[in-house]
Amino acid sequence: MVTESNEEAIPAPAPSGSFRFSPRPNRAGQIKWRPWDESIFQQSGKENKPVLLAISAVWCHWCHVMDETGYSDDEVISLINESFIPVRVDSDQRPDINFRYNQGGWPTLAFLTADSEVITGATYIPADQLRRLLGDVRDLYSGNRQEIQMAVDNIREQRQVLAKQPPEGPAPGPAVAASALEVAGDVHDSEFGGFGSTTKFPYANVLSLIMMVLSEGPIGELEAMLTKTLDAMSGGGMYDRVEGGFFRYSTNREWTIPHFEKMLEDNAALLSVYAEAVRITGSKEYETVARDIHRYLTTVLLEPGSGVFRGSQNADEDYYRLDLAARKETRAPYIDPTVFAGWNALAASALLRAFQVMGDVEMRDRASGVLDFVWEHMWDADRGLNHYYYDGQAYLPGMLGDTARMLTACLDAYESGVGEVWLDRA
């Protein structure tokens, strides 16, 4: 539980003590937002007010719209400030909070009890509906505390029972991989490539698993699934042919209409996928795509002077429809300067894999610089790897995903000839 897992104070405030709102005009800053810490629940209990948790992301289009509409509405601002304990969290900086409380997308709006349990929640909601929801939750919380507490106690009892039960399903092994590939085959779109029949995400992990199996020997069905998907992604609107790299996902089945934000995590994963696809297939086209992703990472997301990659770039449909000459004359979409350890480790592993396949020493050297920065600025010998680095300070140590990715990257660096020190650090 959140309150139980944060017994030791973790230094993870909002960057520089501030919050990041939509880059367009809005009044969301008039809400008396608080950063996430244990005192919010103490205040909630003392003042008999529910916590209003807003989870957003700097690259998220609908989060910006929420700032400009619902969170800029006079009545909404007044209701939140008077009747709630408002808390704002960046989903990239606090994936632990996002994992527990996300209501199905961004922005997330979750109402919590003083015991940190969810009362209700929503994703994007227009201002008129938000006013009604705020009033309903306020009245429910003030007039039904006993019923709410009984529900909280029941939820916790069920959670404790489930925690004592052994996990269901087989242990990790070949059977799990085979089952995952069977599911992938069931949802593979044989006409347009990818997985699913509406919105299309890259699912780089699935493609990596397919190639892992293909490394053991040719399987026609899997080869077709792989190349159909890789060709569809690089041949469709998700691929930025001007600046390189991929947008986050396609809003339609045909891969023609992208959602225009760009993420370090996604591009790092896809660099690894296309580099490995070069080894599996020998395709020069896939090598071109891999080098194009590398170009985007190093010319756009690379932090000047530090040798490390920034987190993401905002969506801007108008900007990304311009040609190269016009883009050079236009302000580029905002780049989040936050450095994420796990994403940079993933990028380093991808660059090292690309070096191993294509022999480009610049990629190996870039990976070495990335890992040097993460180790020097984000590793704490006592508390482990910090999740993110912002404005000269590292925050949130001990996230398992970051640690696993950094361990893998250290081993990749050692195996790529970067130096024995990386084996020691692994």
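The values are calculated or read from the model by the stated rules, or taken from the named source; none is laboratory data. What you are looking at is a predicted structure, and each value in this text was computed from that prediction instead of being measured. With ideal geometry, Cβ positions are generated from the backbone for all residues, glycine too; neighbour counts draw on all protein chains shown. Each accessible area value is taken on the protein alone, full model and side chains, heavy atoms only, with ligands, DNA and RNA left out. Shrake-Rupley method; radii C 1.70, N 1.55, O 1.52, S 1.80 Å.
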> Which residue pairs have Cβ atoms under 7 Å apart, sit 6 or more places apart or on different chains, and have a first residue in region 93-106 that is open to solvent by 40 Å² or more (accessible area, probe 1.4 Å) and a second that is assigned to a helix (DSSP H, G or I)?
Replying inline: 100/2; 106/62; 106/63
> Can you tell which of 362, 376 is under 15 Å from residue 298 (Cα atoms) and not in a loop (DSSP other than H, G, I, E, B)?
Replying inline: 362
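Using the structure shown, decide if residue 414 is at pLDDT 95 or above and part of a strand (DSSP E or B).
So residue 414 fails the test.
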> What number of residues within region 306-343 satisfy the criterion of being within 11 Å of residue 262 (Cα to Cα), hydrophobic (A, V, I, L, M, F, W, C) and part of a loop (DSSP other than H, G, I, E, B)?
Replying inline: 1
>> Testing residue 191 on (1) closer than 30 Å to residue 44 by Cα; (2) in a loop (DSSP other than H, G, I, E, B), one condition comes back false. Which one is that?
In response: (1)
> For region 37-69, which residues satisfy the criterion of being of a type in the set (A, V, I, L, M), open to solvent by 10 Å² or more (accessible area, probe 1.4 Å) and either out of contact with any strand residue (DSSP E or B) (no Cβ under 6 Å at 6 or more places or on another chain) or under 22 Å from residue 120 (Cβ atoms) (or both)?
Replying inline: 65
>> For the list (1) at pLDDT 95 or above; (2) farther than 23 Å from residue 199 by Cα, I need the number of the one condition that residue 263 fails.
In response: (2)
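Every residue, every condition in (1) under 30 Å from residue 252 (Cα atoms); (2) touching a residue at least 60 places away in the same chain (Cβ under 8 Å); (3) loosely packed, with under 12 Cβ neighbours inside 10 Å, yes or no:
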{"site": "147", "(1), (2), (3)": "no, no, yes"}
{"site": "160", "(1), (2), (3)": "no, no, yes"}
{"site": "164", "(1), (2), (3)": "no, no, yes"}
{"site": "170", "(1), (2), (3)": "no, no, yes"}
{"site": "173", "(1), (2), (3)": "no, no, yes"}
{"site": "178", "(1), (2), (3)": "yes, no, yes"}
{"site": "187", "(1), (2), (3)": "yes, no, no"}
{"site": "192", "(1), (2), (3)": "yes, yes, no"}
>> So the check is Cβ under 6 Å with 6+ separation or different chains; which pairs have a first residue in region 266-289 that's closer than 15 Å to residue 347 by Cα and open to solvent by 30 Å² or more (accessible area, probe 1.4 Å) and a second one that's at pLDDT 95 or above and assigned to a helix (DSSP H, G or I)?
In response: 272/350; 272/353
> Before we move on, is residue 240 out of contact with any Ser or Thr (no Cβ under 8 Å at 6 or more places or on another chain), among the acidic types (Asp, Glu), modelled with pLDDT of 95 or more and open to solvent by less than 20 Å² (accessible area, probe 1.4 Å)?
Replying inline: yes
> Identify, please: which residue in region 243-256 is touching a Phe, Trp or Tyr at 6+ places or on another chain (Cβ under 7 Å) and in a loop (DSSP other than H, G, I, E, B) and is, among those, surrounded by the most Cβ atoms within 10 Å (Cβ to Cβ)?
Replying inline: 245
> Which residues, counting only those in region 363-395, are over 15 Å from residue 347 (Cα atoms), of a type in the set (S, T, N, Q) and open to solvent by 20 Å² or more (accessible area, probe 1.4 Å)?
Replying inline: 393
> Which members of region 298-354 meet the condition of being open to solvent by 30 Å² or more (accessible area, probe 1.4 Å) and among the charged types (D, E, K, R)?
Replying inline: 303, 310, 316, 317, 318, 321, 323, 328, 329, 331, 353
> If you go through region 257-305 one residue at a time, how many are touching a helix residue (DSSP H, G or I) at 6+ places or on another chain (Cβ under 7 Å), not in a helix (DSSP H, G or I) and not small (Gly, Ala, Ser)?
Replying inline: 1
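Out of all the residues in region 198-235, which are among the polar types (S, T, N, Q), open to solvent by 40 Å² or more (accessible area, probe 1.4 Å) and either at pLDDT 95 or above or more than 13 Å from residue 280 (Cβ to Cβ) (or both)?
Selection gives 198, 199, 205, 208, 227.
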> Quick check: is even one residue across region 123-133 touching a helix residue (DSSP H, G or I) at 6+ places or on another chain (Cβ under 9 Å) and under 30 Å from residue 341 (Cα atoms)?
Replying inline: yes
